[in-house]
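Peer 1: This is the structure I want to talk about, given as structure tokens.
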Amino acid sequence: MSDVTSEASCYLIEEEFWDDDVLIEKYFKKICKQEFFPVSQDAESWPSIENTGDFLEYFTTEIGSFVYDLLTKDLTRENA
């Protein structure tokens, strides 16, 4: 897979998560799917990521605690 670092992805999660390790453990599979799918829709071609150690070999993470909504319209969710 190519080194695509031009723009970071941002994921919103529940507010009660303050432990980075717990957060990554809960979501690493969903994040992998979200990040690999645009590169290849063939899941068989994706790297095998079975645990958070594998995940951290492919991804750099930063945990933030603020999101500012500058729009006046309500947020909507796209169907996946």
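The values are calculated or read from the model by the stated rules, or taken from the named source; none is laboratory data. This structure is a prediction, so every number in the text was calculated from the model and none was measured. Cβ coordinates were reconstructed from backbone atoms using ideal geometry, including for glycine residues, and neighbour counts include every protein chain displayed.
Peer 1: Those residues that are within 16 Å of Phe59 (Cβ to Cβ) and in a loop (DSSP other than H, G, I, E, B), I need them from the range 32-48; list them, please.
Peer 2: Within the range 32-48, Phe37, Pro38, Val39, Trp46, Pro47, Ser48 qualify.
Peer 1: Going by what's in this entry, would Phe36 be described as on the phi < 0 side of the Ramachandran plot, surrounded by 15 or more Cβ atoms within 10 Å (Cβ to Cβ) and either aromatic (Phe, Trp, Tyr) or without any contact (Cβ under 8 Å) to a residue 24 or more places away in the chain (or both)? Give the derivation first.
Peer 2: Details: on the phi < 0 side of the Ramachandran plot: yes; surrounded by 15 or more Cβ atoms within 10 Å (Cβ to Cβ): yes; either aromatic (Phe, Trp, Tyr) or without any contact (Cβ under 8 Å) to a residue 24 or more places away in the chain (or both): yes.
So Phe36 fits the description; yes.
Peer 1: Let me ask you something else. Do we have Ile24 as touching a helix residue (DSSP H, G or I) at 6+ places or on another chain (Cβ under 8 Å), surrounded by 10 or more Cβ atoms within 10 Å (Cβ to Cβ) and part of a loop (DSSP other than H, G, I, E, B) here? Please lay out each step first, then the result.
Peer 2: Values: touching a helix residue (DSSP H, G or I) at 6+ places or on another chain (Cβ under 8 Å): yes; surrounded by 10 or more Cβ atoms within 10 Å (Cβ to Cβ): yes; part of a loop (DSSP other than H, G, I, E, B): no.
For Ile24, the condition - touching a helix residue (DSSP H, G or I) at 6+ places or on another chain (Cβ under 8 Å), surrounded by 10 or more Cβ atoms within 10 Å (Cβ to Cβ) and part of a loop (DSSP other than H, G, I, E, B) - is not met.
Peer 1: What do you reckon, is Phe55 touching a Phe, Trp or Tyr at 6+ places or on another chain (Cβ under 9 Å) and not hydroxyl-bearing (Ser, Thr, Tyr)?
Peer 2: On the way: touching a Phe, Trp or Tyr at 6+ places or on another chain (Cβ under 9 Å): yes; not hydroxyl-bearing (Ser, Thr, Tyr): yes.
Yes, satisfied.
Peer 1: What number of residues within the range 49-78 satisfy the criterion of being part of a loop (DSSP other than H, G, I, E, B) and either at pLDDT 95 or above or within 16 Å of Tyr11 (Cα to Cα) (or both)?
Peer 2: Residues that pass the stated criteria total 18.
Peer 1: In the range 26-36, is there at least one residue being out of contact with any Phe, Trp or Tyr (no Cβ under 9 Å at 6 or more places or on another chain) and at pLDDT below 95?
Peer 2: Looking through the range 26-36, none of the residues is out of contact with any Phe, Trp or Tyr (no Cβ under 9 Å at 6 or more places or on another chain) and at pLDDT below 95.
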